[in-house]
Amino acid sequence: MDIETIMAKARAPQQGRSKASFERMLATAEELMTQRGSDEFTLNEVAKHGKVSIGSIYCRFDSKDDLVHVVQLRVLERVDSDMLAAIAALNARGGDLIDMVHDLVESVAEVLRRYADLMRPLMLRASADPVIAAIGKRSYARTSEAVIAALLTNRDSIPHADPEHAADAGFRILYAAIARYLGFGSSIDAAGEGDWSELKTDLADMLAAYLSTNPKARAPRA
């Protein structure tokens, strides 16, 4: 199933009762994933806890996988909305490179942490589910593009020969460290290591130093 098909399934029905039932299905699946830290629930449990009939679930979804894909899409739409709004606010406020880096690290980290309990089971599933992986990559790309664009508003303060590469590399390192702390994907055993506030400060200091320092010249490749 492609993302366009999932997006179509994610649209709520227009009729009041059908819309309310549909929203309960998704909300219940989210709640079960959050409580259990995984997607180990059944459609019968969704029906019971969401007070909807199993028949109505199968009218909307072909399988549990189908339901999980729609849940992920809806969750990441909320993540993307919050993330892009936070970055847009930073762009509007402006500031020098150091201030921008610290504000961006804080915003990215806190949005991801806000949704971590829902994103964690979805990311655990991504390695075996190409649909989940594709939806996640699309969300990651949106954040990456927005953060890089924000960093490049201070392009003149980035002495690298390729500021775009520097901003991209910096974001990838930033995201990986936050993902590890939050237990996304295979890093779940490392979740919560260290102090959250110190991690954000250290990441911001390191990223600011990396972007504002003239890099050592690289030897030409053989």
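Residues are listed down the side, and each one gets a yes or a no for (1) more than 21 Å from SER197 (Cβ to Cβ); (2) open to solvent by 50 Å² or more (accessible area, probe 1.4 Å):
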| position | (1), (2) |
| --- | --- |
| LEU97 | yes, no |
| MET100 | no, no |
| VAL105 | no, no |
| ARG113 | no, yes |
| ARG125 | yes, no |
| ALA141 | yes, no |
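Restricting attention to the stretch 124-159, which residues are in contact (Cβ under 8 Å) with a residue 40 or more places away in the chain and of a type in the set (D, E, K, R)?
ARG125, ASP129, ARG138, ARG142
Among the residues of the stretch 176-219, what is the count of those that are among the charged types (D, E, K, R) and either surrounded by 13 or more Cβ atoms within 10 Å (Cβ to Cβ) or at pLDDT 95 or above (or both)? Let's see the steps before the verdict.
Within the stretch 176-219, the first condition is being among the charged types (D, E, K, R), and the residues that meet it are 180, 189, 193, 195, 198, 200, 202, 205, 216, 218.
If we keep only those that are either surrounded by 13 or more Cβ atoms within 10 Å (Cβ to Cβ) or at pLDDT 95 or above (or both) as well, we get 180, 198, 200, 202, 205.
Of the residues in that region, 5 qualify.
I need the full set of residues from the stretch 1-18 which are open to solvent by 30 Å² or more (accessible area, probe 1.4 Å) and over 16 Å from LEU73 (Cα atoms), in order please. Working first, answer last.
Initially, the stretch 1-18 is screened for residues open to solvent by 30 Å² or more (accessible area, probe 1.4 Å), giving 1-5, 7-9, 11, 14-18.
Correct list: GLN14, GLN15, GLY16, ARG17, SER18.
Considering SER38, SER21, which residue is outside any helix (DSSP H, G or I) and open to solvent by less than 30 Å² (accessible area, probe 1.4 Å)?
Details: SER21 fails: outside any helix (DSSP H, G or I).
Unique residue meeting the criteria: SER38.
Based on what the data block shows, is ALA134 under 23 Å from ARG74 (Cβ atoms), hydrophobic (A, V, I, L, M, F, W, C) and not in a helix (DSSP H, G or I)? It would help to see each step written out before you state the result.
Numbers: under 23 Å from ARG74 (Cβ atoms): yes; hydrophobic (A, V, I, L, M, F, W, C): yes; not in a helix (DSSP H, G or I): no.
Criteria not met by ALA134.
Quick test for you: out of GLY50, GLY55, pick the one residue that is over 18 Å from the mean Cα position of the chain (by Cα), open to solvent by less than 10 Å² (accessible area, probe 1.4 Å) and free of Cβ contacts under 8 Å to residues at least 40 places away in the same chain. If you could, list the steps in order and put the result at the bottom.
Working: GLY55 fails: open to solvent by less than 10 Å² (accessible area, probe 1.4 Å).
Result of the check over GLY50, GLY55: GLY50.
Somewhere in the stretch 46-65, is a residue of a type in the set (A, V, I, L, M) and within 21 Å of ILE3 (Cα to Cα)? Break it down into steps so the answer makes sense when it comes.
Initially, the stretch 46-65 is screened for residues of a type in the set (A, V, I, L, M), giving 46-47, 52, 54, 57.
With the extra rule that they be within 21 Å of ILE3 (Cα to Cα), the set shrinks to 57.
Yes, some residue in the stretch 46-65 is of a type in the set (A, V, I, L, M) and within 21 Å of ILE3 (Cα to Cα).
The values are calculated or read from the model by the stated rules, or taken from the named source; none is laboratory data. Model, not experiment: these values are computed from the prediction. We place every Cβ from the backbone using ideal geometry, glycine too, and count neighbours over all the protein chains shown. What goes into the accessible areas is simple: the full protein's heavy atoms, side chains included, and nothing from ligands, DNA or RNA. Shrake-Rupley method; radii C 1.70, N 1.55, O 1.52, S 1.80 Å.
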